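What follows is a single structure, written as structure tokens, with notes after it.
The values are calculated or read from the model by the stated rules, or taken from the named source; none is laboratory data. Everything numeric here is computed off the predicted structure, so don't read it as measured data. With ideal geometry, Cβ positions are generated from the backbone for all residues, glycine too; neighbour counts draw on all protein chains shown. Surface areas here come from the heavy atoms of the whole protein model, side chains and all, with no ligands, DNA or RNA. Shrake-Rupley method; radii C 1.70, N 1.55, O 1.52, S 1.80 Å.
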Amino acid sequence: MKEFRKIGVLTSGGDAPGMNAAIRAVVRAAISSGVEVMGIFKGYSGLIKGDIKPLAIRDVSNIINKGGTFLYSDRCPEFKTEAGMQKAIETCRAFGIDGIVAIGGDGTFRGATDLTAHGIPCVGIPGTIDNDISSTDVTIGFDTAMNTVIELIDKLRDTCESHARCNVVEVMGRGAGDIALNTAIASGATAVFIPEVPFNEEAVFEKIRMSRKLGKRNFIVIVSEGVGSDFAPAIAKKIQENTGVETKFARFAHIVRGGSPTLRDRVLATSMGAYAVDKLLAGESNIVICERNGRIVANDINYALILDRMYKGKLQDGDLDGFDEATVERMRVECQERHAELELLYEVGRRTNL
Ligand code: ADP
Ligand code: F6P
């Protein structure tokens with residue numbers, strides 16, 4: 001089995017609260033196993049350029065509570081090219097990096113799988129507020145982002161109540177409605193629009209008209225960005241026109257990606273970071289660390305990426321070719337379960353407030 005003397009850690013793609021806690025866990029778990037850690041700055045760009053520094057135990061002190069990522073993040077198109085990949089491999093050789101823990105989203109995992117294929121074993125950790133990695137129940141940053149959203153919505157509701165207004169709020173999530181749906185339920189919103197569930201605009205207008213007649217003063221409507229970039233401001237306008245209720249629009253955007261991680265994200269990040277190191281040092285690679293039914297587990301990255309495509313209805317010709325029938329069936333079941341969970345939550349929201 002390969003002996004690991006030195007591993008690298010990087011964060012890539014959109015940042016997420018809890019990434020620092022994950023880096024800290026990787027550094028400390030590796031050092032406690034007698035392995036050195038190199039911090040790779042600015043994701044795969046740092047790997048190409050050699051922007052790398054050793055990280056000692058004390059270098060990751062006082063970061064568990066900090067948002068963002070102290071290793072910085074980047075989107076690096078060059079890494080997708082063979083020339084970029086060759087430079088990254090040369091850097092690994094020059095710095096003696098035997099393996100890498102890559103924290104990020106599905107793009108980051110694609111990079112990690114390419115790197116593994118080129119001889120540098122990688123393990124992925126899901127760090128994204130979107131919760132759009134289908135192989136894990138939760139991603140690092142999701143909980144914090146949702147808590148930030150409901151804190152902001154609670155404030156909006158105060159002013160909506162004073163002025164008898166509606167406020168349409170657009171939240172991030174890329175193609176996933178998880179942030180929108182969960183925060184709509186938790187903030188008692190009047191309606192939510194997410195890409196995964198068909199919606200009826202007229203039913204929302206009617207609900208607002210009826211509730212206003214019965215004396216309701218404030219209305220919160222949440223829109224996931226995945227519904228479409230112009231949808232949220234447009235629906236705000238339509239609500240006002242169709243209900244007579246003055247309606248404002250707010251796009252929370254990147255504000256939801258910052259801030260101190262919640263306890264849930266810190267513990268998740270720490271558990272995943274330590275587990276990633278254990279797996280890498282045990283000779284496992286091309287895996288992504290996941291939480292399934294409350295347990296930290298590892299999934300093959302290729303499995304995770306194709307599962308994602310299946311869940312998002314984006315399977316391409318040949319995607320399933322490398323998998324046996326039993327594995328494909330397991331993917332189908334996982335997709336159905338994930339859809340069913342989302343729909344159940346949507347239904348809970350519909351029956352209680354949405
Ligand atoms: P996320 O990891 O949050 O999904 P991106 O999709 O931007 O964010 O991916 C982060 C980085 O991962 C990219 O900038 C690129 O360097 C690398 N990457 C993305 N897709 C691929 C790919 N198909 N092959 C190799 N590297 C990739
Ligand atoms: O993936 C995280 C995320 O914040 C998405 O919610 C959003 O669509 C995207 O990244 C924004 O990307 P950028 O930081 O490049 O504006």
From the Cα centre of the range 242-286 to that of the range 88-138, the distance in Å is 17 Å
For the range 28-100, using Cα atoms only, the Rg and Dmax in Å read 13.3, 38
Projecting the Cα atoms of Phe249, Ile31, Ser229 onto the charge dipole of the chain, where Lys and Arg contribute +1 and Asp and Glu -1 at Cβ, the residue farthest towards the positive end is Phe249
Answer in debye to the nearest 20: the dipole magnitude of the range 142-258 about its Cα centre, from +1 Lys/Arg and -1 Asp/Glu charges placed on Cβ, is 420 debye
For the range 238-297, the percent of all C-alpha pairs falling in each 5 Å bin, from 0 up to the bin holding the max distance, is 4, 13, 15, 12, 10, 10, 8, 6, 7, 6, 4, 3, 1
GNM of the chain, Cα pairs under 10 angstrom: of Asn200, Asn182, Asn286, the biggest fluctuation goes to Asn200
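Normalised by the residues of the range 142-258, what does the relative contact order come to in percent, with Cα pairs under 8 Å and at least six apart?
Values: 196 pairs, mean separation 46.5, N = 117.
So the answer I get is 40 percent.
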Relative to the chain, whose Cα atoms define the longest principal axis, helix 301-311 and its Cα axis are tilted in degrees, nearest 10, by 20 degrees
Between Val297 and Ser33, Cβ-based FRET efficiency (R0 22 Å, step 0.05) works out to 0.65
The long-range amide H neighbours of Met38, using H built 1.01 Å from N in the peptide plane and a cut-off of under 5 Å, are Ile7, Gly8, Val9, Leu55
Note to self, the chain gives a 222 nm [θ] from helices alone (DSSP H runs n ≥ 4, -39500 (n - 2.57) apiece, / all residues, nearest 500) of -15000 deg cm²/dmol
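I'd like the GluC sites (Glu not before Pro) in the range 1-84 restricted to DSSP loop residues with at most 15 other Cβ atoms within 10 Å, sorted by number.
Glu3
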Counting only protein heavy atoms and leaving out ligands, DNA and RNA, the solvent-accessible surface of Ser229 at a 1.4 Å probe, in Å² to the nearest 10, equals 80 Å²
The range 228-260 scanned against label point 7 Å out from Arg209 along Cα→C-beta; backbone N under 16 Å for 238-246
Subtracting the Cα-Cα distance of Arg351 and Lys237 from 0.36 nm times their residue separation yields 38.4 nm
For the range 142-258, whose charge dipole is built from +1 on Lys and Arg Cβ atoms and -1 on Asp and Glu Cβ atoms, the candidate among Leu214, Ala145, Ala203 with its Cα farthest towards the positive end is Leu214
Percent relative contact order for the chain, counting Cα pairs under 8 Å at least six residues apart, stands at 21 percent
extent check for the range 142-258: Cα max minus min per principal axis, descending, whole Å, gives 37, 28, 20
Kirkwood radius from Cα pairs of the range 246-354 plugged into Stokes-Einstein at 4 °C, 1.567 mPa s, gives D in µm²/s equal to 75 µm²/s
Compactness check, the chain: C-alpha Rg relative to the 2.2 N^0.38 Å globular estimate gives 1.07
Summed over the other residues with a beta carbon less than 14 angstrom from that of Lys213, with K and R at +1 and D and E at -1, the charge totals +4
Between the Cα axis of helix 325-352 and the main Cα principal axis of the chain, the angle (0 to 90°, nearest 10) is 30 degrees
Contour minus Cα-Cα span, Arg264 to Ala117, at 0.36 nm per residue, comes to 49.6 nm
In the chain the DSSP beta bridges are antiparallel at a rate, in percent to nearest 5, of 25 percent
Asn200 and Ala94 label points (each 7 Å along its Cα→Cβ direction) are spaced in nm at 6.3 nm
Of the listed pairs Lys248/Lys312; Lys207/Lys237; Lys238/Lys314; Lys238/Lys312; Lys6/Lys66, those with alpha carbons more than 22 Å apart are Lys248/Lys312; Lys238/Lys314; Lys238/Lys312; Lys6/Lys66
Per GNM of the chain with C-alpha springs under 10 angstrom, the most fluctuating residue out of Ala232, Ala94, Ala21 is Ala94
Longest principal axis of the chain (C-alpha) makes with the long axis of helix 82-95 (C-alpha) an angle, in degrees to the nearest 10, of 60 degrees
With +1 at each Lys and Arg Cβ and -1 at each Asp and Glu Cβ, the charge dipole magnitude of the chain around its Cα centre, to the nearest 20 debye, comes out at 1240 debye
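If you filter the range 36-89 for trypsin sites (Lys or Arg not before Pro), then keep DSSP loop positions with at most 15 other Cβ within 10 Å, what is left?
On the way: sites: Lys42, Lys49, Arg58, Lys66, Arg75, Lys80, Lys87; in loops: Lys42, Lys66, Arg75.
Within the range 36-89, the qualifying trypsin sites (Lys or Arg not before Pro) (loop, at most 15 other Cβ atoms within 10 Å) are Arg75.
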Computed on Cα atoms only, the convex hull of the range 60-143 has an orientation-averaged projected area in nm² of 6.4 nm²
Under the 7 Å Cα-to-Cβ spin-label approximation, Gln316 and Ala253 lie apart by a distance in nanometres of 3.1 nm
